[in-house]
Every structure is written in structure tokens, then in C-alpha cells.
1. Which of the residues belonging to the range 60-87 are in contact with a Leu (Cβ under 7 Å, 6 or more places away or on another chain) and assigned to a loop (DSSP other than H, G, I, E, B)?
2. Could you check how many residues of the range 25-43 are part of a strand (DSSP E or B) and of a type in the set (Asp, Glu)?
3. Can you name every residue in the range 77-122 that is at positive phi and either surrounded by fewer than 19 Cβ atoms within 10 Å (Cβ to Cβ) or among the β-branched types (Val, Ile, Thr) (or both)?
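Nothing in this text is a laboratory measurement; each read-out follows from the coordinates by a stated rule. Only a predicted model underlies this, so the values are computations on that prediction, with no experimental measurement involved. Cβ sites come from the backbone with ideal geometry, for glycine too, and all protein chains shown count toward neighbours.
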Amino acid sequence: RCRIQPWSCQHFDGRADGPGGLRGRFVTALRHERGGGLWVTTNPGGLHLARFDPDGREVGFERWDTQRGLLSDSILSVEADDDGTVWVSSPLGLSHLDPATGRIENHVLQSGLPVSNFNFGASAADRDFIYFGAVQGLVSFPRGTPLRQRSPTPVRIIGAERLSEGAWRPLPPA
């Protein structure tokens, strides 16, 4: 962050130690946060929210990564939703974060996401939809899609086999 009058710059090189710094040197996307902050995605390093004082000086970063529930530390893009939540893409799928509560809902192929391998910085939003670009095409969904608590997928065993004398043989029902 640089200023013309008086001349000064801050440089965040991704080597900050501790929980309050920018982690990851490769910045993949930037988005303004409605509270005046800046969302910064890094690969690796996770998702960061840079906060600034009234004079525009950075006062700290809050970071979300796999330890806090994201699918990956390689975050490729970010889009803010109308309710203050953010959506982030990664090589493994989409994560929906409520920064006020820290709650994260992950979306992957197994939970119904049609694609999973997203591209660097490939996201946009308009008045009605949020878009993410993936290797397999474009994913879009309505703005304001709520965080939902998904029920676990039911498991049903329909058969079992065992290896006997070099061949798989069905086990009789119990």
C-alpha cells in the first residue's frame, strides 16, 4: 500500500510470522470487503482479510485456512455475497464462509458441486448471481444462497465379498 503525500509504502511479502500477517507470496485475487477491508487470496496461505485504520494503514490480517475449515490453503478466488459471507474457490471445490461467526460450509463433487477444479482469479458477481470459472466450465448460483446444514449422506451396504482361494466370493446375508 503506497501513498503519494507524504511518500510511504507498506510491503506484504508473505513471510510474516504469527497469526496476524499475510501468509503466502502468490496473491491470486483481491476483493473489497463491505466494512472497508480487503479480501486477499493466496496460494498457498489461505484467505486473508486485511483491516485498515481510518488513515488507510493496515492494522492486521485475519486468516482462514485448512486448520479453520477451508478445503485447501490454495485459494484461487473470492467473491462477497449480499449477506456479508464470502465464497472462495480452491482446487478441491468451493467454501462458503461467514466471517462474523467463522462458520464454513464446503461444497465438493461428492456433495453435488458439478465441477471441482477452479481457475486462478476466475470469478465475478452481478446483481443476481455469483460466478466461478473452472477447468470444466462455469459454475453460477444465486446471490444470498444461505449457509445450510447438510445431513450426512446415508450409507447403505448392498453386498459384501471376501477373497477366498484367489477369487472374490459373496458373503451370505446375516
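1. Of everything in the range 60-87, those that are in contact with a Leu (Cβ under 7 Å, 6 or more places away or on another chain) and assigned to a loop (DSSP other than H, G, I, E, B) turn out to be Leu70, Leu71, Ser72, Ile75, Thr85.
2. So in the range 25-43, the residues part of a strand (DSSP E or B) come out as 27-32, 38-42.
Imposing the further condition that a residue be of a type in the set (Asp, Glu) reduces the set to none.
Residues meeting the conditions: 0.
3. We begin by selecting, within the range 77-122, every residue at positive phi; these are 84, 93, 102, 112, 121.
Across the range 77-122, the qualifying residues are Gly84, Gly102, Gly112, Gly121.
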